[in-house]
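Visitor: I'd like to ask some things about the structure below.
Computed from the coordinates by the stated procedures, all read-outs in this text should not be read as laboratory data. Predicted model only: the values in this text are computed from it and were never measured. Neighbour counts are summed over all protein chains in view; Cβ atoms, including those assigned to glycine, are modelled from backbone coordinates with ideal geometry.
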Amino acid sequence: MILKHTIDRIFEATDIVEVIGEFVTLKKRGANYIGLSPFANEKTPSFTVSPAKGIFKDFSSGIGGSAVTFLMEHEKFSYPEALKWLAKKYGIEVEETVDAPEDREAENHRESLLIVTGYASKFFEKSLWDTDDGKAIGLSYYKERGFTDATIRKFELGYSPDQWEAFSSQAIKDGYKQEYLEETGLSVKRENGTLYDRWRGRVMFPIHSFTGRVIAFGGRTLKNDKTVPKYVNSPESEIYHKSNVLYGLHFAKKAIRDQDNCYLVEGYADVISVHQSGIENVVASSGTSLTVEQIRLIGRLTKNITILYDGDAAGIKASLRGLDLILEEGLNVKVVLFPDGHDPDSYVRLLGSTGFKNYIEQNKKDFILYKTDILLKEAGNDPIRKSEVIREVVESIAKIPDSIKASVFLKECSHILDIEERSLISELNKMRAAKGKKEYQQQQNRASRETPPEDYYEAAPPAEAAILEKAEPYESQEKEIVRLLVTYGGQLINWDDIANTYIGPFMIASLSDVAFEHPVYKEFVDIYHQEVEKGSLPDEAFFINHSDKKVADVVITMLLSQYTLSPNWYDMHKITTSDETKNMKATILTAIFHLKKQKVSAILRDLQKQLQATKIPEEEEILLSQFQHMKKVQKTITDYLGIVITE
């Protein structure tokens, strides 16, 4: 058995386009990639891959799933064999064990840590909104930064009371184990064994995982004492590895996909202010140097990064070499520098949303050209320093895997550096040759250490064909409920009459009196309900990789469409398409009431048949009473939907 944390690492590292691209020729179309089905003989492409969601769907054969599913179907691998193939490709050590009680305990342990951090986030939020100190100190600070109530709630910002044990004592009282409070860094143990709060008197910034669960915190002091660190962050833990996390990514991922660009800033406030201005495709490395893992997280959503610098010349120079990592991963990098004394947070508040966007568009530069300008100005007329600049610039260009793009930059830089292009090409070739030789030697060394592959896994049973049962009368309404749960279940509700709950649990609770007819949709809703009861919100990945193949296939089919709307659709036909996200309350409630209307109509038809068939006055009276009650229920539903039922 491969350990779950190893499987998680494999899935996080896997680029589905890169994997499937080894077997299928893919072409980009919008946010997705298409190609000819490798499972069916076809001339028109029906095979679709979504890099953002990490899934594929072959509309010819009906096969769909993750990169692991593809390898199992195409290469006839077992599940463990597919995982090991991916692990080898991405250099991940496979940890294996037997399925023992301690392994299940380890998984429970990780979930416990996530539950504790989720509890802490709610505690800090409640402290912010419901206590005098929270409102006077924490909320006032956020308001001074220009954050609106909606923004504060969206990012789940909070306040930790300025008391030694306010959080720790309450958590223990509520039944949370001391060991989990310590391990997540929420509490610190004294020598006498008691706990005290790590973040006392600080405003709290929860850090979310890619799927939206709170995994850590950053706390900012509001005191002017220079001996007190400005920010205190969560220590590394089983659920939090800062090199693998980007602040704000959970809130930005859809916008990054839609805009095909990611704005990278430095701090929490930068992300929140820029996001609030309407530029939602923004994330931060939270003060740490950008890591390869963080770059790959962005690379799963877009190949374009725009770095927003705060104008600190020393900081810019220090970060230049590190940004070569982005080029090495094949991403396009642009840079925007703000005036001295300004960062993205302060500048967006100064200029406003429109002015800020215009400034970015007018001042963004390609990273290579920007780096060349910066280093040349520093070198001045010193010929030795200038030669070092040339070498540094060529080193950056050598990181670019696309040879055509590298050639364009060489030509541009030859003009800026006032040096012949062929000299730069010669230097570039030397660097690439040296790099190739080094990589070859490393590959040979790895090969000499490899042992023969183990072959003791039992072959996995062949994948079942995901054939849906014959459509029932309620199928379209039930399908719509499932689609909304998959698409929006993890979004926070902030309606006038309902707030601080998620769409998924709200829908499940609202449909507690409805029995689903379609077997696969019923199974989906039952699974969703079970997860909500556990305190978990199942996301796309949960269902994509679910053990029930029929459920997984339904979700994949909903997430991927064989067709995409042409960007010229409106210009050609003057037909607009509706945006269901503009009024989420109407979207969700309409779907719920349409399904309930169908169910009520069926009950009324059944009661009518029973009334016609009965000859017993007592039964007729009971049935008539039930019929009248259901008619009232129907009237309530149709009044909301604006439908007039003909009597």
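Visitor: Label points 7 Å out from Cα along the Cβ direction at Lys377 and Asn429: separation in nm?
Guide: Modelled inter-label distance: 3.5 nm.
Visitor: Which of rounded, prolate or oblate describes segment 249-363 when judged by the alpha-carbon gyration tensor and an a/c cut-off of 1.5?
Guide: Details: a/c = 1.67, a/b = 1.17, b/c = 1.43.
Since a/c reaches 1.5 but b/c is at least a/b, the shape of segment 249-363 is classed as oblate.
Visitor: Given the chain, what percent of its DSSP beta bridges are antiparallel, to the nearest 5?
Guide: Details: 35 of 47 bridges.
That works out to approximately 75 percent antiparallel.
Visitor: Modelling each spin label as a point 7 Å along the Cα-to-Cβ direction, I'd like the Gln530/Glu619 distance in nm, to one decimal.
Guide: 3.9
Visitor: Among Asp197, Asp382, Asp324, which comes first, second and so on when ranked by fewest other beta-carbon atoms within 10 Å?
Guide: Listed from fewest to most nearby Cβ atoms, that is Asp382, Asp324, Asp197.
Visitor: I've got another one for you. How much length is gained if the chain between Asp225 and Glu12 is pulled fully straight, taking 0.36 nm per residue apart and subtracting their Cα-Cα distance, in nm to one decimal? Walk me through the numbers on the way to the answer.
Guide: Details: separation 213, 0.36 × 213 = 76.68 nm, distance 4.10 nm.
So the extension gain works out to 72.6 nm.
Visitor: Using amide H atoms built 1.01 Å from N in the peptide plane, name the residues 5+ places from Ala216, or on other chains, whose amide H lies under 5 Å from its own.
Guide: Answer set, sorted by chain and number: Ile207.
Visitor: Here's something else I'd like to know. Which net charge results when you count Lys and Arg as +1 and Asp and Glu as -1 among the other residues whose beta-carbon is under 13 Å from that of Ala13? Provide the component values of the computation, followed by the final result.
Guide: Details: positive: Arg9, Lys88, Lys89, Arg296, Arg300; negative: Asp8, Glu12, Asp15, Glu18, Glu93, Glu293, Glu329.
Net of charged neighbours comes to -2.
Visitor: Please compute the modelled spin-label separation between Lys365 and Glu238, points set 7 Å along Cα→Cβ, answer in nm with one decimal.
Guide: Going by the 7 Å Cα→Cβ label model, 4.9 nm.
Visitor: If I take R0 = 30 Å and measure r between the Cβ atoms of Glu328 and Ser78 in this structure, what FRET efficiency does the formula 1/(1 + (r/R0)^6) give, to the nearest 0.05?
Guide: Numbers: r = 34 Å, r/R0 = 1.13.
So the FRET efficiency works out to roughly 0.35.
Visitor: List residues of segment 265-306, by number, whose backbone nitrogen lies under 19 Å from a label position 7 Å along Cα→C-beta of His5.
Guide: Residues 293-294 qualify, since their backbone N sits under 19 Å from the label point.
Visitor: In terms of modelled amide H atoms, which long-range or inter-chain residues lie less than 5 Å from the amide H of Gly64?
Guide: Asp58
Visitor: Select one label from (i) 1.26; (ii) 1.65; (iii) 1.11: the one whose number is Cα Rg over 2.2 N^0.38 Å as derived from the coordinates shown.
Guide: It is the value labelled (iii).
Visitor: If you place +1 on the Cβ of every Lys and Arg, -1 on the Cβ of every Asp and Glu, and leave all else neutral, what size is the dipole of the chain about its Cα centre, to the nearest 20 Debye? Can you show the working numbers first?
Guide: Working: 82 positive and 98 negative charges, 350 e Å.
Rounded to the nearest 20 debye, it is 1680 debye.
Visitor: Here is a follow-up. Based on the Cβ-Cβ distance from Ser387 to Asn358, what FRET efficiency comes out when R0 is 30 Å, to the nearest 0.05?
Guide: Values: r = 39 Å, r/R0 = 1.29.
My answer for the efficiency is 0.20.
Visitor: While we're on this one: Expressed in nm², what is the orientationally averaged projection area of the convex hull enclosing the Cα positions of segment 115-158?
Guide: Values: hull surface 11.4 nm².
The Cα convex hull of segment 115-158, projected and averaged over all directions, gives 2.9 nm².
Visitor: Right, something else. Determine the calculated [θ] at 222 nm for the chain from helices alone, applying -39500 (n - 2.57) to every DSSP H run no shorter than 4 residues and normalising by the residue count; nearest 500 deg cm²/dmol.
Guide: Working: 27 runs with 336 residues, N = 647.
Computed ellipticity for the chain at 222 nm equals -16500 deg cm²/dmol.
Visitor: Using θ = phi - 60° and the Karplus form 6.51 cos²θ - 1.76 cosθ + 1.60, what ³J(HN,Hα) does each residue of segment 541-548 get, whole Hz, x for Gly and Pro?
Guide: 4, 4, 7, 4, 9, 5, 5, 7
Visitor: I'd like the orientation of helix 79-89 relative to the chain: the angle between its Cα long axis and the longest Cα principal axis, in ° from 0 to 90, rounded to 10.
Guide: That works out to roughly 20 degrees.
Visitor: If you fit an axis through the alpha-carbon atoms of helix 403-417 and take the longest principal axis of the Cα set of the chain, what angle between them do you get, 0 to 90°, nearest 10?
Guide: On a 0 to 90 degree scale, this one is about 40.
Visitor: Report, in cubic angstrom per residue, the convex hull volume of the C-alpha atoms of segment 4-89. Can you show the working numbers first?
Guide: Numbers: hull volume 7.5 nm³, N = 86.
Cα-based convex hull of segment 4-89, divided per residue, equals 87 Å³.
Visitor: Between segment 133-195 and segment 529-561, how far is it from one alpha carbon centroid to the other, in angstrom?
Guide: 33
Visitor: Would you order Thr48, Thr636 from fewest to most other beta-carbon atoms within 10 Å of each residue's own beta-carbon? Show your work: numbers first, answer last.
Guide: Numbers: Thr48 22, Thr636 12.
If I rank by nearby Cβ atoms, fewest first, I get Thr636, Thr48.
Visitor: By counting other Cβ atoms within 10 Å of each Cβ, how are Glu266, Glu395 ranked from fewest to most?
Guide: Working: Glu266 23, Glu395 15.
Lowest to highest Cβ neighbour count: Glu395, Glu266.
Visitor: Here's a follow-up. For every other residue with a beta carbon closer than 13 angstrom to the beta carbon of Lys154, add +1 if it is Lys or Arg and -1 if Asp or Glu, then tell me the sum.
Guide: Values: positive: Arg153; negative: Glu125, Asp149, Glu156, Glu280.
For residues surrounding Lys154, the net value is -3.
Visitor: Ok, one more. Please compute the length gained on full extension between Asp418 and Lys43, using 0.36 nm multiplied by the number of residues separating them and subtracting their Cα-Cα distance. Let's see the in-between values first.
Guide: Details: separation 375, 0.36 × 375 = 135.00 nm, distance 5.13 nm.
In short, 129.9 nm is gained.
Visitor: Which distance in Å, rounded to a whole number, links the C-alpha centroids of segment 359-388 and segment 6-61?
Guide: 40
Visitor: What is the angle, in °, between the Cα long axis of helix 475-488 and the longest principal axis of the Cα atoms in the chain? Nearest 10 is fine, range 0 to 90.
Guide: Helix 475-488 sits at roughly 30 degrees to that axis.
Visitor: Apply the Karplus curve 6.51 cos²θ - 1.76 cosθ + 1.60, θ = phi - 60°, to the phi angles in segment 63-68 and return the couplings in whole Hz, x for Gly and Pro.
Guide: Computed from phi, the couplings for segment 63-68 are 6, x, x, 8, 4, 5 Hz.
Visitor: Spelling out what I want: for every residue of segment 506-521, take phi, set θ = phi - 60°, compute 6.51 cos²θ - 1.76 cosθ + 1.60 (Karplus), and round to whole Hz; glycine and proline get x.
Guide: Taking θ as phi minus 60°, the curve returns 4, 5, 4, 5, 5, 9, 5, 9, 10, 9, 6, 9, 5, x, 6, 5 Hz for segment 506-521.
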